[in-house]
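The values are calculated or read from the model by the stated rules, or taken from the named source; none is laboratory data. Source: prediction; values computed, not measured. Neighbour counts are summed over all protein chains in view; Cβ atoms, including those assigned to glycine, are modelled from backbone coordinates with ideal geometry.
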Amino acid sequence: MIRLTRRSALVAGATLPLFAIGSRPAGAAEFAYKFANNAAETHPLVTRTREAAARIREKTSGRVEIQVFPNSQLGSDTDTLSQLRSGAVEFFTLSGLILSTLVPVASINGIGFAFKDYGQVWPAMDGALGSHVRAEIAKRGLYAFSRQYDNGYRQITSSTRPIRTPEDLNGFKIRVPPSPLWTSMFKAFGAAPTSINFSETYSALQTRLVDGQENPLAIIETGKLYEVQKYLTVTNHMWDGFWFLANKKAWEAMPADVRGIVEGEFNASAMQQREDIAKLNASLRGALEAKGLQFVESDAVLFRAALKKAGFYAEWKDKYGAEAWKTLEDAVGGLA
């Protein structure tokens, strides 16, 4: 018979909580994290990040389980960014142009008509310009992975009239994401921009709160915006990508080797998703035309000249600062 003395009882009482803290149910992940995004279930961003999450679980022997919440299930972009900062959500993919409400320089990739093609985009964003932005993101308690996911070049749609020239935007009521850069650019064209989260965009177009919007072809297709729009103007006015963001505390809670696996797999999926978007864009024009959208061509030179005349480039050069602007112009050539 074991005799329980006061000393042995105290020892048992001290060790039991430690045992409880150090244990977890069999099969449970050591790091169970949430990843939120605003893309539809069928968007390549969701497909590829789900694949990455599965590979991460396998390669970490179940230590890391990442649940994917697409389609703004956990809230609007601005809501989810707040959750990411507080730690309620551990991972989030977000456009740099919306992230700029927290990190102003994050919108620099969206400067109107800056990137001529992907031959300029990826060397800049995987290189010096991306590194500059990531360093600024880190100052806000977030960690940005080194490879962005592609959102694509943005195009203008309308339910009222085709947009062929900068003058056609005069007085045009257009939905833009909640970002100062978008508002500034469309005001420079004389339009009437309204900031609306993407989750509310379809209803805003349907009820004619706004007459048009702008987004990449993949978002227009997966968001079914063709149901409430008539014209699509090929402007390629902005390139936009998704930063893969992590809450810094949650990120650093994982051991270095685990972090390497997590970032490595999500970066690998980013490279695959870029290829997906390229293939998708090549086929989407025909698909969207078949669903009723009338495609309209435009001349980027006219739009760029209108922005320069309105002082748009000079304004944003001053806002971003000389260092950031030089890094951009090193990649794309002179703008201001």
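Annotations for the structure displayed:
- VAL89 vs. criteria surrounded by 19 or more Cβ atoms within 10 Å (Cβ to Cβ) and assigned to a loop (DSSP other than H, G, I, E, B): yes
- Test: residue in segment 250-257 that is assigned to a loop (DSSP other than H, G, I, E, B) and either in contact with a Gly (Cβ under 9 Å, 6 or more places away or on another chain) or closer than 17 Å to ILE156 by Cβ (or both): no
- Scope segment 246-264; condition crowded, with 16+ Cβ neighbours inside 10 Å and more than 16 Å from ARG48 (Cα to Cα); matching residues: ALA246, ASN247, LYS248, ALA250, TRP251, MET254, VAL258, ARG259
- Here ARG55 does not fit the description of being of a type in the set (D, E, K, R), assigned to a helix (DSSP H, G or I), within 13 Å of ALA36 (Cβ to Cβ) and touching a residue at least 40 places away in the same chain (Cβ under 8 Å).
- Hey, VAL258 among the β-branched types (Val, Ile, Thr), closer than 29 Å to ALA204 by Cβ, in contact (Cβ under 8 Å) with a residue 60 or more places away in the chain and out of contact with any helix residue (DSSP H, G or I) (no Cβ under 7 Å at 6 or more places or on another chain) or not: no
- Residue-level check: of (1) at pLDDT 95 or above; (2) surrounded by 20 or more Cβ atoms within 10 Å (Cβ to Cβ); (3) assigned to a helix (DSSP H, G or I), ALA314 misses just (2).
- The listed residue being part of a loop (DSSP other than H, G, I, E, B), at pLDDT 95 or above and either within 14 Å of SER107 (Cβ to Cβ) or touching a helix residue (DSSP H, G or I) at 6+ places or on another chain (Cβ under 6 Å) (or both), out of ARG161, ARG175, ARG147: ARG147
- Any hit, segment 133-141, residues being among the hydrophobic types (A, V, I, L, M, F, W, C) and either closer than 13 Å to ALA246 by Cβ or part of a strand (DSSP E or B) (or both): yes
- Qualifying positions in segment 196-220 - at pLDDT 95 or above and part of a strand (DSSP E or B): GLY212, GLN213, GLU214
- Filter result (farther than 22 Å from TYR313 by Cα, free of Cβ contacts under 8 Å to residues at least 60 places away in the same chain and out of contact with any Gly (no Cβ under 9 Å at 6 or more places or on another chain)) within segment 144-197: ILE196
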